[in-house]
Amino acid sequence: MQAQRFSIAPMLDWTDRHCRYFHRLMTRQTLLYTEMVTTGAIIHGKGDYLGYSEQEHPISLQLGGSNPADLAHCARLAQERGYDEINLNVGCPSDRVQNGRFGACLMGEPALVADCVKAMRDVVDIPVTVKTRIGIDDQDSYEFLQAFIEQVRDAGCDTFIVHARKAWLSGLSPRENREIPPLDYPRVYRVKQDYPELTIALNGGVTSMEQTLEHLQHVDGVMMGREAYQNPYILAQVDSQLFGLTGDVPSRHEVVRMMLPYMEQELAKGNYLSHMTRHMLGLFQNMQGARAWRRHLSENACKPGAGIQVVLDAMAKVPEFASADSVE
């Protein structure tokens, strides 16, 4: 249960390994998720879709798929690679995902989701969790959600991360599905009330530690998405406010300096600076010089041969001891 107390949502094209390494510099306790990785990519792809840095623990692999045997194969590989959790995506509403018969459309096939969970549980010892919505299309009653949770629970899943919006499988883009269907936090709270033996984490629309603490009065965990990405220094509050840990919190400038050795290692491997700095643009949000920081990185990190001097020059544009109220 403690592992799910606070996590950062899996976000396609955002929460890659560079992003996760960066986030880990600000919080040791937060559970980090990979981007959704499809079983097809892992089994048939030419790249290493399971790569991560040891510093990223605790880390969960989010899988996309609906073939129990394929999911079991990938879950076994993930456990061998040292992942701390496997999460099945039953929440993504994109057309690409639906065409692959996974994501949110699987809410309409709880028996298949149960088979997928059981197949993975049979071959791994690490937790297998499910990220889902509160409903899909016109199947949005509480009874529909209950029936889904009970069937998947009976297959061995005891942890659900529930996005407190339903998904429209046609007519709305993935972005619109994150914003247009109304949030229904009480419905997620009710799931926890009705199934106290399950670990229930809430996702959707969370933008502050204050909101997180309020939700934690009703559920076991909170998953934060875009706010953690766009305003990453919010993560520096997590270990003390949510986990009761004491100790020095790195300043924003210290976070950048802590990131430099990693950047140098990655550059030496032939990776591009911009692939790392794009995750850091929001670090100085609401600080004097934040706009200059973003502009310098955006304009220079993508240039051929760009190195860490670009980052140092960008950081020099932000006063080291400016207060958080010193808005640009």
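Is it the case that the range 312-323 has a residue that's part of a helix (DSSP H, G or I), of a type in the set (V, I, T) and out of contact with any Cys (no Cβ under 9 Å at 6 or more places or on another chain)?
Within the range 312-323 (the criterion being part of a helix (DSSP H, G or I), of a type in the set (V, I, T) and out of contact with any Cys (no Cβ under 9 Å at 6 or more places or on another chain)), the answer is no, since none of the residues qualifies.
Restricting to the range 258-293, and then to whatever is open to solvent by 10 Å² or more (accessible area, probe 1.4 Å) and charged (D, E, K, R), can you tell me which residue is farthest from M315 (Cα to Cα)?
K269
Given (1) at pLDDT below 95; (2) closer than 26 Å to T277 by Cα; (3) in a helix (DSSP H, G or I); (4) not β-branched (V, I, T), identify the lone condition not met by G47.
(3)
Pick from the range 10-36 the residues that are of a type in the set (A, V, I, L, M, F, W, C) and under 23 Å from V249 (Cβ atoms): which of them is most open to solvent (accessible area, probe 1.4 Å)?
Looking only at the range 10-36, we keep the residues that are of a type in the set (A, V, I, L, M, F, W, C), and these are 11-12, 14, 19, 22, 25-26, 31-32, 36.
When the remaining residues are screened for being under 23 Å from V249 (Cβ atoms), the result is 19, 22, 25-26, 31-32.
Numbers: C19: 0, F22: 1, L25: 33, M26: 10, L31: 5, L32: 3 Å².
Step by step, filter the range 10-36, then rank; the result is L25.
Within the range 1-31, how many residues are more than 15 Å from Q62 (Cα to Cα) and either charged (D, E, K, R) or out of contact with any Gly (no Cβ under 7 Å at 6 or more places or on another chain) (or both)? Before the answer, list the steps.
To start, the set of residues in the range 1-31 that are more than 15 Å from Q62 (Cα to Cα) comprises 1-3, 5-6, 18-19, 21-30.
Applying the additional criterion that residues be either charged (D, E, K, R) or out of contact with any Gly (no Cβ under 7 Å at 6 or more places or on another chain) (or both) yields 1-3, 5, 18-19, 21-30.
Residues in the range 1-31 being more than 15 Å from Q62 (Cα to Cα) and either charged (D, E, K, R) or out of contact with any Gly (no Cβ under 7 Å at 6 or more places or on another chain) (or both): 16 in total.
Output the residue which, of all residues in the range 159-182 that are surrounded by 15 or more Cβ atoms within 10 Å (Cβ to Cβ) and in contact with a Ser or Thr (Cβ under 9 Å, 6 or more places away or on another chain), is farthest from G221 (Cα to Cα).
P174
Select from the range 153-188 the residues that are in a helix (DSSP H, G or I) and either of a type in the set (S, T, Y) or over 30 Å from A72 (Cβ atoms) (or both) and list them in ascending order.
Step one: list which residues in the range 153-188 are in a helix (DSSP H, G or I), which gives 153-154, 174-177, 185-188.
Of everything in the range 153-188, those that are in a helix (DSSP H, G or I) and either of a type in the set (S, T, Y) or over 30 Å from A72 (Cβ atoms) (or both) turn out to be R175, E176, Y185, P186, R187.
Restricting the search to the range 44-80, which residues are open to solvent by 10 Å² or more (accessible area, probe 1.4 Å), closer than 14 Å to V123 by Cα and out of contact with any Asp or Glu (no Cβ under 8 Å at 6 or more places or on another chain)?
Of everything in the range 44-80, those that are open to solvent by 10 Å² or more (accessible area, probe 1.4 Å), closer than 14 Å to V123 by Cα and out of contact with any Asp or Glu (no Cβ under 8 Å at 6 or more places or on another chain) turn out to be A69, D70, H73, R76, L77, E80.
Does A268 meet the test of being within 27 Å of E35 (Cβ to Cβ) and out of contact with any helix residue (DSSP H, G or I) (no Cβ under 6 Å at 6 or more places or on another chain)? Lay out the reasoning, then the answer.
Details: within 27 Å of E35 (Cβ to Cβ): yes; out of contact with any helix residue (DSSP H, G or I) (no Cβ under 6 Å at 6 or more places or on another chain): yes.
So A268 fits the description; yes.
Would a scan of the range 9-17 turn up a residue that is closer than 30 Å to R257 by Cα and outside any loop (DSSP other than H, G, I, E, B)? Break it down stepwise before answering.
Applying the first criterion (closer than 30 Å to R257 by Cα) to the range 9-17 yields 9-17.
Subset that is outside any loop (DSSP other than H, G, I, E, B): 17.
Checked against the condition, which is being closer than 30 Å to R257 by Cα and outside any loop (DSSP other than H, G, I, E, B), the range 9-17 yields at least one hit.
Kindly list, by first and then second residue, each pair from a residue in the range 100-126 that is within 20 Å of L77 (Cα to Cα) to a residue that is open to solvent by 30 Å² or more (accessible area, probe 1.4 Å) and in a loop (DSSP other than H, G, I, E, B), limited to pairs with Cβ atoms under 7 Å and residues at least 6 apart or on different chains.
I126/D84
Please identify the pairs in which a residue from the range 35-49 that is under 17 Å from A69 (Cβ atoms) has its Cβ atom under 9 Å from the Cβ atom of a residue that is open to solvent by 40 Å² or more (accessible area, probe 1.4 Å) and among the charged types (D, E, K, R), counting only partners at least 6 apart or on another chain.
T39/D70; G40/D70; I42/D70; I43/D70
With respect to G305, determine if the residue is open to solvent by 70 Å² or more (accessible area, probe 1.4 Å), assigned to a loop (DSSP other than H, G, I, E, B) and among the small types (G, A, S). Please lay out each step first, then the result.
Numbers: open to solvent by 70 Å² or more (accessible area, probe 1.4 Å): yes; assigned to a loop (DSSP other than H, G, I, E, B): yes; among the small types (G, A, S): yes.
Against the criterion (open to solvent by 70 Å² or more (accessible area, probe 1.4 Å), assigned to a loop (DSSP other than H, G, I, E, B) and among the small types (G, A, S)), G305 qualifies.
Filter the range 136-151 for residues that are at pLDDT below 95 and surrounded by 18 or more Cβ atoms within 10 Å (Cβ to Cβ) and give the result. Please lay out each step first, then the result.
So in the range 136-151, the residues at pLDDT below 95 come out as 136-140.
Within the range 136-151, I136, D140 meet the criteria.
Sort out for me the helices (runs of 4 or more DSSP H) sitting completely within the range 217-302 that have 1 or more residues that are closer than 20 Å to I8 by Cα.
Working: elements: 226-230, 238-243, 252-268, 273-277, 290-300.
Correct list: 226-230, 238-243, 252-268, 273-277.
Kindly indicate which of V123, V97 is at pLDDT 95 or above and either under 21 Å from the mean Cα position of the chain (by Cα) or surrounded by fewer than 20 Cβ atoms within 10 Å (Cβ to Cβ) (or both).
Numbers: V97 fails: at pLDDT 95 or above.
Being at pLDDT 95 or above and either under 21 Å from the mean Cα position of the chain (by Cα) or surrounded by fewer than 20 Cβ atoms within 10 Å (Cβ to Cβ) (or both) holds for just one of V123, V97, which is V123.
The values are calculated or read from the model by the stated rules, or taken from the named source; none is laboratory data. Owing to the predicted nature of the structure, the values given are computational and were not obtained by experimental measurement. Reconstructed Cβ throughout: ideal geometry from the backbone, glycine too, with neighbour counts over all protein chains shown. Areas reflect the complete protein model, heavy atoms only, side chains present, ligands, DNA and RNA absent. Shrake-Rupley method; radii C 1.70, N 1.55, O 1.52, S 1.80 Å.
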